[in-house]
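Structure record follows, encoded as structure tokens.
The values are calculated or read from the model by the stated rules, or taken from the named source; none is laboratory data. In this text the structure is predicted, and so the values were computed from the model without any measurement. No Cβ is skipped: glycine too gets one built from the backbone with ideal geometry, and neighbour counts run over all protein chains shown. Accessible surface areas use protein heavy atoms only, side chains included; no ligands, DNA or RNA. Shrake-Rupley method; radii C 1.70, N 1.55, O 1.52, S 1.80 Å.
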Amino acid sequence: MPSVLITGATSGFGKAAAQRFAKAGWSLILTGRRVERLKALEEELSKQVPVLTLALDVRDSDAVTTAISNLPEEFLPLTCLINNAGLALAPQPAQKVALEDWHTMIDTNITGLVNVTHAALPLLLKTGKGASILNLGSVAGQWPYPGGHVYGASKAFVQQFSYNLRCDLLGTGVRVTDLAPGMAETEFTLVRTKGDQAASDALYRGTTPLQAEDIAEQLYYLATLPAHININRLEIMTVRQAWSAFAIDRDPA
Ligand SMILES: NC(=O)C1=CN([C@@H]2O[C@H](COP(=O)(O)OP(=O)(O)OC[C@H]3O[C@@H](n4cnc5c(N)ncnc54)[C@H](OP(=O)(O)O)[C@@H]3O)[C@@H](O)[C@H]2O)C=CC1
Ligand SMILES: O=CCS(=O)(=O)O
């Protein structure tokens, strides 16, 4: 039975991915900080497949290394790592953002992802052919927008790190993908606005955002492609989102 390690499984894409992989019979290693949510997910999904939950903050490199290098035999070989834990904060102009918010995004989206990847790589290399690292990037890593500042930059890191990993893993059989979604309705905007439910609702109102299940389906597709195929980057948007014109600073009329 193949097994998948999913970071940030307590909400959004991670939770939907856990449900999707469980449906296909994969063993699950699920992580996140919110213990109650991990417990609930374990209760739900362990009726279908073996589930191991690890209460982890991906920023804590010692905890991450210890947990991943001591996975029970039952959850090996590790076939897929989904580096999903991440967040955006402070959708204001850069010059108005608290330094702490920038640090939190860097520590989670970059350092956290690197911590987990470093710890899981020996296991994925052992699996070799057919193993995958699926990194959650974002359209924000490719396309700039106001208020994107460090969030977008952290996702540009995810893209380039994914490509560079591909170079070093050539010949090992381990695949790497930068999966870059656009607007998707999860708790993402609630987190980004520090709990402003009205702002979150307003963003998704009157349109058709991607849903967590749409991304989970892509993750499952990527993980189960024939072993000789590597999709380097997969950018996905709702048909109701597209780019906008360049902004121009003009003198007053
Ligand atoms: N929704 C969107 O529009 C898009 C999201 N993304 C990316 O997809 C990923 C998932 O986002 P999404 O599902 O939308 O958002 P959610 O807020 O719904 O889920 C985020 C998950 O990340 C976990 N997480 C956050 N910080 C940490 C941490 N320090 N340690 C461990 N886990 C952490 C949370 O768990 P807990 O709080 O329990 O630790 C939660 O399970 C993120 O990387 C995000 O940047 C990319 C493109 C579009
Ligand atoms: O990564 C999230 C999608 S967006 O908010 O940057 O469009």
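See the values below:
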| read-out | value |
| --- | --- |
| Meets criteria (within 16 Å of ligand 2 (Cβ to nearest atom), open to solvent by less than 40 Å² (accessible area, probe 1.4 Å) and in a strand (DSSP E or B)) for Ile29 | no |
| Those residues of region 162-197 which are more than 16 Å from ligand 2 (Cβ to nearest atom), over 16 Å from Ile229 (Cβ atoms) and touching a residue at least 40 places away in the same chain (Cβ under 8 Å), in sequence order | Tyr163, Leu165 |
| Count of residues meeting criterion [more than 16 Å from ligand 2 (Cβ to nearest atom) and either open to solvent by 70 Å² or more (accessible area, probe 1.4 Å) or touching a residue at least 60 places away in the same chain (Cβ under 8 Å) (or both)] in region 226-253 | 13 |
| Number of the condition not met by Leu54 [criteria: (1) away from ligand 2 (no atom under 16 Å from the Cβ); (2) open to solvent by less than 60 Å² (accessible area, probe 1.4 Å); (3) in a helix (DSSP H, G or I)] | (3) |
| Residue within region 1-16 that is more than 16 Å from ligand 2 (Cβ to nearest atom) and at pLDDT below 95 present | yes |
| Selected residue [away from ligand 1 (no atom under 11 Å from the Cβ), open to solvent by 80 Å² or more (accessible area, probe 1.4 Å) and within 26 Å of Arg34 (Cα to Cα)] from Gln197, Gln160 | Gln197 |
| Total residues in region 201-219, condition outside any helix (DSSP H, G or I), open to solvent by 60 Å² or more (accessible area, probe 1.4 Å) and within 12 Å of ligand 1 (Cβ to nearest atom) | 1 |
| Failed item in (1) out of contact with any helix residue (DSSP H, G or I) (no Cβ under 6 Å at 6 or more places or on another chain); (2) surrounded by 17 or more Cβ atoms within 10 Å (Cβ to Cβ), with Ala88 passing the rest | (1) |
| Within region 126-142, considering residues that are over 14 Å from Ala88 (Cβ atoms) and in contact with a helix residue (DSSP H, G or I) (Cβ under 8 Å, 6 or more places away or on another chain), the one nearest to ligand 1 (Cβ to nearest atom) | Asn135 |
| Selection from region 145-157 of residues that are surrounded by fewer than 24 Cβ atoms within 10 Å (Cβ to Cβ) and within 11 Å of ligand 1 (Cβ to nearest atom) | Gly152 |
| Among (1) within 16 Å of ligand 1 (Cβ to nearest atom); (2) assigned to a helix (DSSP H, G or I); (3) free of Cβ contacts under 8 Å to residues at least 60 places away in the same chain; (4) of a type outside the set (D, E, K, R), the one test that Gln95 misses | (1) |
| Where a residue in region 4-30 is of a type in the set (Phe, Trp, Tyr) and its partner, wherever it lies, is within 16 Å of ligand 2 (Cβ to nearest atom), with Cβ under 6 Å and at least six apart | Phe13/Asn84; Phe13/Ala212; Phe13/Ile215 |
| Exclusive hit being in contact with a Cys (Cβ under 9 Å, 6 or more places away or on another chain) and outside any loop (DSSP other than H, G, I, E, B), set Leu222, Leu179, Leu190 | Leu222 |
| Per-region count, region 103-144, residues within 16 Å of ligand 2 (Cβ to nearest atom), in contact (Cβ under 8 Å) with a residue 40 or more places away in the chain and either crowded, with 18+ Cβ neighbours inside 10 Å or not polar (S, T, N, Q) (or both) | 15 |
